[in-house]
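The values are calculated or read from the model by the stated rules, or taken from the named source; none is laboratory data. Computed from a predicted structure; not experimentally measured. A quick note on method: Cβ atoms are made from the backbone with ideal geometry, for glycine too, and the neighbour counts reach across all protein chains shown.
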Amino acid sequence: MKVEDVELGLEKYVFLLSAEEGNYGIYELVGELSYYPLSIEDKYKIARGLLRQLVEEDLIIMVQFKDSTLKEVIKVVSVKDIDEVLNNPISWYPCGEMVAIKLTDKGTKYLDSHEEVYKGRLTGRWGKI
């Protein structure tokens, strides 16, 4: 399988579902891509691109927390700072400072409007949802 074979629209929906469920850290999004037999580098490439797109489209916000309790916010990552965060390997691991995603109102509307398109297709992936 190649990166080009991954249906990015479906993965965008999966990432938004992850944000809706209370994403613990962006490393979880790489795990969502484990469904595909891709190299770890390709999974990070896809996750990075989708995260950038979702922030730019105002469907999610990325929030940097002091630690894994996700209680003390350091900052909301702005679009201009997204590359700095995504290029930092520490941002991708569940140790020290954590970066998580949160759904925006626009993201919630996107999920609602695309539910019929994608939800049934995820049943085979996750079982009954």
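Quickly run through region 36-76 and pick out the residues that are in a strand (DSSP E or B) and without any contact (Cβ under 8 Å) to a residue 12 or more places away in the chain. Val73, the sole residue that qualifies. Scanning region 93-111 finds no residues that are loosely packed, with under 10 Cβ neighbours inside 10 Å and in a loop (DSSP other than H, G, I, E, B).
If we keep just the residues of region 15-28 that are part of a helix (DSSP H, G or I) and without any contact (Cβ under 8 Å) to a residue 40 or more places away in the chain, which is farthest from Val85 (Cα to Cα)?
Residues of region 15-28 that are part of a helix (DSSP H, G or I), as a first pass: 15-21, 27-28.
Now drop any that are not without any contact (Cβ under 8 Å) to a residue 40 or more places away in the chain, which leaves 21, 28.
Values: Glu21: 22, Glu28: 16 Å.
Taking the candidates together, the pick is Glu21.
Is one or more of the residues making up region 37-60 surrounded by 11 or more Cβ atoms within 10 Å (Cβ to Cβ), at pLDDT below 90, aromatic (Phe, Trp, Tyr) and out of contact with any strand residue (DSSP E or B) (no Cβ under 7 Å at 6 or more places or on another chain)? Within region 37-60, none of the residues are surrounded by 11 or more Cβ atoms within 10 Å (Cβ to Cβ), at pLDDT below 90, aromatic (Phe, Trp, Tyr) and out of contact with any strand residue (DSSP E or B) (no Cβ under 7 Å at 6 or more places or on another chain).
Is it the case, given these coordinates, that Lys12 is assigned to a helix (DSSP H, G or I) and farther than 21 Å from Pro94 by Cβ?
Details: assigned to a helix (DSSP H, G or I): yes; farther than 21 Å from Pro94 by Cβ: yes.
The answer is yes for Lys12.
Residues in region 29-75 that are in contact with a Phe, Trp or Tyr (Cβ under 8 Å, 6 or more places away or on another chain) and of a type in the set (Lys, Arg): Lys43, Lys71. Per the listing Gln53, Gln64, the residue uniquely of a type outside the set (Gly, Ala, Ser) and more than 13 Å from the chain's Cα centre (by Cα) is Gln64.
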